[in-house]
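First comes the structure, then the notes that go with it.
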């Protein structure tokens, strides 16, 4: 949608909080722990379907005409607001739900212990990525969306309901963020700073990959993950800045990211 | 063109604040001084914004300025407030000059994101540097003025007076700069860069110069903040600090050099009041006011004073 969306971090946090509290509440009522994975997914779906359309219809849709940078600022303002909404609803104390994580146990690879839950994370991520790629490339809605992004005016002239496409896209994108948050929740303690941290990281990922490119984002995510793990293993002091170093290096040599989409110059 | 009234207005504000500053309660003096420090950073961002560039990493220079000032006091025992500020400004300006070669090639969102990346690199470095206090940062020695230390009751006022003087000079110089051909190139670059090149001017050079000025101003603001607050930590380079500066820039608008300081003051007041009323939702108030400004005052608070379009 050509929106650099800071609110994405909030959806990640919202997903994590919703997943943590709903799963926690249901487990306390005696739900079998094996169902908790479905609940994680469900709570992500719940928050994104409620909050995303509210933001898109209520505020963002009036802003599309503005400059990319101004839209970024608007999402930043929304991000600030949502941060406090989260604090108002869930308070500032951390939440834990370890059940989905502990339930599966772990296995050994050579000498390393590896929890099964992380395999689920990888599986969910691949499923989401593949699903998104399939949707964009092979379904009617996805193809329409690509057209809308490429040229809004022509799409509208062709009879595409652009407003509805925007609503779907924003909601779906937020859903993915919420799923990310929901499935990460069992592995961390859910605290208010969650959104702030994840959003700069995901910016690094998409910028490395090239804005608006799906394979780019996937590659960027793998790169950031590997570089970060390598840094933690070999040179713990470098953990934080090495990601941004990679980001700066990629931008220095490929100013628009690795998988950039060519754009026409307008004179 | 109408007569330029900005220098006179600036001078009047300076005099008024210098005279009435003595009677203000201590906490307002602190508020105004911090606002002046942030105003300096925003002044630099305003120069960049005039050519359509939004730097999401201005906290980098703010932090460099603060750390340069703090380390000068730590390593060499320098405490003169002007020396510290010059050091902060020089350090930030130098880094800005070097990075400018890279950043002046980028536009729109990529400029913002690359500057963000660079500031986060500094944050990552500082957080892991234990010699500089890691995440806790360290205390800055109390500063002196020409080797003298004012009496306790007058410290805040003296710092404010120095800050006012520095801000006045900076604002005046920037105002002069905006009137030069190089300064006037900014709106042209924003409108259509390719045409600027056709006219024979180098957009990249113009942006580089602006970038260095903005960096130096941010360093100055950082050094001022360090001496005022008396404590520095890596949080000064975090992206939320940059976000705050951009927030003020948008709040203020790019109409005039007075706007950034006004914006910073309004921001400080909103923050203080919102924090006082409801400590848990002050960010919400800030976010809300930012939205209101973007929607209803696209040219910032300054457009309240001048309805007509400014150059």
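Values quoted throughout were computed directly from the atomic coordinates according to the rules given, and no laboratory measurement underlies them. Predicted model, so just to flag it, every value in this text is computed and none were measured. We place every Cβ from the backbone using ideal geometry, glycine too, and count neighbours over all the protein chains shown.
General observations
- Highest GNM mean-square fluctuation among B:62, B:106, B:198, for chain B modelled with Cα contacts below 10 Å: B:198.
- Quarter of the Cα convex hull surface for region B:219-265, i.e. its orientation-mean projected area (nm²): 3.5 nm²
- When the Gaussian network model of chain B links Cα atoms closer than 10 Å, the mean-square fluctuations of B:18, B:217, B:125 top out at B:125.
- For chain A, a Gaussian network of Cα nodes joined below 10 Å ranks A:147, A:177, A:44 by mean-square fluctuation, and the top entry is A:147.
- By the count of neighbouring beta-carbon atoms within 10 Å, fewest first, B:51, A:128 end up ordered A:128, B:51.
- Cα gyration tensor category, rounded, prolate or oblate, for region B:1-82 with a/c compared to 1.5: oblate
- Relative contact order, percent, chain A [alpha-carbon distance under 8 Å, six or more residues apart]: 29 percent
- For region B:6-239, relative contact order (Cα pairs under 8 Å, six or more residues apart, normalised by length) works out to 45 percent.
- Share of Cα-Cα pairs in region B:25-133 lying beyond 22 Å, as whole percent: 40 percent
- Both radii are taken from the alpha-carbon atoms of region A:7-192; with Rh as the Kirkwood radius, Rg/Rh is 1.03.
- Peptide A:70-83, shielding by other chains (average Cβ, 10 Å cutoff): 6
- Sorted by Cβ density within 10 Å, fewest first, the residues A:139, A:169: A:139, A:169
- For region B:6-239: rounded, prolate or oblate by the Cα gyration tensor [a/c cutoff 1.5]: oblate
- Region A:132-267, Rg to Rh (Cα coordinates; Rh as Kirkwood inverse mean 1/r): 1.03
- Evaluated at q = 0.07 Å⁻¹, the base-10 log of the normalised Debye intensity for the protein assembly as shown, with identical point scatterers placed on the Cα atoms, takes the values -0.45.
- Test item: A:202-209 mean partner chain Cβ contacts at 10 Å: 2
- Mean projected area of the convex hull spanned by the Cα atoms of region A:3-102, taken over all viewing directions: 6.9 nm².
- Remark: mean inter-chain Cβ contacts per residue of A:243-249 equal 6, using a 10 Å Cβ-Cβ cutoff to other protein chain atoms.
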